[in-house]
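First comes the structure, then the notes that go with it.
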Amino acid sequence: MSLSRRTFLFFTAVTLAGCGFEPVYGPGGRAETLSGRIDVLPPADEEGRALTRRLEDRLGLPKAPDLILGADIAITEEELGVLPDGSISRYNVIGRVDWTLTRDDEIVLQGSEQSFTAYSATSTTVATIIAQRDARERLMILIADRITADILARADAL
């Protein structure tokens, strides 16, 4: 390793330590202290199941939950591409999830996350339906990751 690279790494480490940087997923990090403490309310539909699965993957399965995470999912689709025959060839799937984290029926944290993804319509109905389901699942995974990041960033309030 060259001297300039070692110097850069040294100053980067010192700077990060000085600003209070702490790894979230490291030993004793915020993710570890929240693991198993959050119970996600049961999902109502396929998108809710995808969101719940991802949140439980990231936050851990509830072992001794003292916090309850509720989520209100809203999804819309926009037509994007139009073929010469007038049929739609591409769709944007736009999702918004308003979430609340409660303890003893009192809101501890709340937020709203939104994002979008897309899928292409194909010549067969079955393939289009599968592409739509996949896009909605990808969207829920993306939003669940954002919810997790938001909760971990504000974990001091818990």
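The values are calculated or read from the model by the stated rules, or taken from the named source; none is laboratory data. The model shown is predicted, which means the values in this text are computed figures rather than measured ones. With ideal geometry, Cβ positions are generated from the backbone for all residues, glycine too; neighbour counts draw on all protein chains shown. For the accessible areas, the whole protein counts, side chains as well, though only heavy atoms, and no ligand, DNA or RNA atoms are used. Shrake-Rupley method; radii C 1.70, N 1.55, O 1.52, S 1.80 Å.
Scanning segment 58-78 for residues that are open to solvent by 40 Å² or more (accessible area, probe 1.4 Å), free of Cβ contacts under 8 Å to residues at least 60 places away in the same chain and out of contact with any Phe, Trp or Tyr (no Cβ under 6 Å at 6 or more places or on another chain) yields 61, 62, 63, 64, 65, 66, 68, 72, 74, 76, 78. Restricting attention to segment 49-86, the residues that are at pLDDT below 90 and assigned to a strand (DSSP E or B) total 3.
Report, by residue number, each residue of segment 97-111 that is under 16 Å from the mean Cα position of the chain (by Cα) and surrounded by 14 or more Cβ atoms within 10 Å (Cβ to Cβ). Can you show your working first?
Filtering segment 97-111 down to residues under 16 Å from the mean Cα position of the chain (by Cα) leaves 97-101, 109-111.
Scanning segment 97-111 gives 97, 98, 99, 100, 101, 109, 111.
Can residue 89 be described as of a type in the set (Gly, Ala, Ser), part of a loop (DSSP other than H, G, I, E, B) and over 24 Å from residue 156 (Cα atoms)? Criteria not met by residue 89.
Name the residue that is nearest to residue 78 (Cα to Cα), counting only residues in segment 143-158 that are outside any loop (DSSP other than H, G, I, E, B) and open to solvent by 70 Å² or more (accessible area, probe 1.4 Å). So that I can check it myself, show each step before the final result.
Step one: list which residues in segment 143-158 are outside any loop (DSSP other than H, G, I, E, B), which gives 143-153, 155-157.
Those left that are additionally open to solvent by 70 Å² or more (accessible area, probe 1.4 Å): 146, 156.
Details: 146: 22, 156: 38 Å.
Among them, the one singled out is 146.
The residues of segment 92-134 that are in contact (Cβ under 8 Å) with a residue 12 or more places away in the chain, of a type in the set (A, V, I, L, M) and not in a loop (DSSP other than H, G, I, E, B), listed by number, are 93, 94, 97, 101, 108, 109, 118, 131.
From the list 144, 135, 127, the lone residue that is modelled with pLDDT of 95 or more, out of contact with any helix residue (DSSP H, G or I) (no Cβ under 8 Å at 6 or more places or on another chain) and of a type in the set (Gly, Ala, Ser) is 135.
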